[in-house]
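Report on one structure; see the data block that follows.
The values are calculated or read from the model by the stated rules, or taken from the named source; none is laboratory data. Just so we're clear, the structure is a prediction, and the values are computed from it rather than from any experiment. Here the Cβ is made from the backbone with ideal geometry for all residues, glycine too, and neighbour counts use every protein chain on show.
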């Protein structure tokens, strides 16, 4: 397993009227790494005591399967991913449907910025909802020190960190209600997903 495999991540919601100003400020002050449009089929569940977040996703035409291990709202989940061929996308979504995890389809537009010190600041838009994710891949012994670095950046942008599971679940519930849709792997769901995939 890689030495730096902890995805240290903090999140904060961005108000609708804040989004254009924040995007403009980021573009002026930092290097834009990428501007992505992503379609994801997300599966949330447990195997034994391990909480898993499995994603079959396509980003700007590139497909992969990503698995994150750890509680959904945690700032220090383990993450690994594997590239797949675009032709495998639909098959993988059916495969993971067999787990009977809670599943949703999500579309996201993301601007990723290099903040230096291996820190990536992502401004994410999902319909009318926006949020930021700031992350730094870390070793276990670096987590607390690096978390302080990320918090300082959020404070500088006057963004309120999503501090606990309750706050994070509220955001997820709003995304589920207003942006994402439930995916059961049915013929109807697969047909709808296939149409979306054609746009990516």
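Counting the residues of the range 177-193 that are over 21 Å from the mean Cα position of the chain (by Cα), exposed (fewer than 15 other Cβ atoms within 10 Å of the Cβ) and assigned to a helix (DSSP H, G or I) gives 4. Can you find even one residue in the range 73-84 that is out of contact with any strand residue (DSSP E or B) (no Cβ under 6 Å at 6 or more places or on another chain), in contact (Cβ under 8 Å) with a residue 60 or more places away in the chain and within 30 Å of residue 158 (Cβ to Cβ)? Looking through the range 73-84, at least one residue is out of contact with any strand residue (DSSP E or B) (no Cβ under 6 Å at 6 or more places or on another chain), in contact (Cβ under 8 Å) with a residue 60 or more places away in the chain and within 30 Å of residue 158 (Cβ to Cβ). The residue that is surrounded by the fewest Cβ atoms within 10 Å (Cβ to Cβ), counting only those in the range 120-141 that are in contact (Cβ under 8 Å) with a residue 12 or more places away in the chain and over 21 Å from residue 35 (Cα atoms), is 140. Find the residue count for the range 1-46, including only residues that are in contact (Cβ under 8 Å) with a residue 24 or more places away in the chain and within 17 Å of residue 102 (Cβ to Cβ). Count: 6. I'm told residue 110 meets every condition in (1) buried (at least 16 other Cβ atoms within 10 Å of the Cβ); (2) under 18 Å from the mean Cα position of the chain (by Cα); (3) over 27 Å from residue 20 (Cβ atoms); (4) at pLDDT 95 or above except one. Can you identify the failing condition by its number? With (1) buried (at least 16 other Cβ atoms within 10 Å of the Cβ); (2) under 18 Å from the mean Cα position of the chain (by Cα); (3) over 27 Å from residue 20 (Cβ atoms); (4) at pLDDT 95 or above applied to residue 110, the lone miss is (3). Within the range 86-107, is there a residue that is loosely packed, with under 15 Cβ neighbours inside 10 Å, without any contact (Cβ under 8 Å) to a residue 40 or more places away in the chain, farther than 24 Å from residue 188 by Cα and more than 13 Å from the chain's Cα centre (by Cα)? The answer is no, given that none of the residues of the range 86-107 is loosely packed, with under 15 Cβ neighbours inside 10 Å, without any contact (Cβ under 8 Å) to a residue 40 or more places away in the chain, farther than 24 Å from residue 188 by Cα and more than 13 Å from the chain's Cα centre (by Cα). The set of residues from the range 142-154 being modelled with pLDDT of 95 or more and surrounded by 12 or more Cβ atoms within 10 Å (Cβ to Cβ) comprises 146, 147, 149, 150, 151, 153, 154.
Criterion first (touching a helix residue (DSSP H, G or I) at 6+ places or on another chain (Cβ under 9 Å) and not in a strand (DSSP E or B)) does residue 71 satisfy it? The answer is yes for residue 71.
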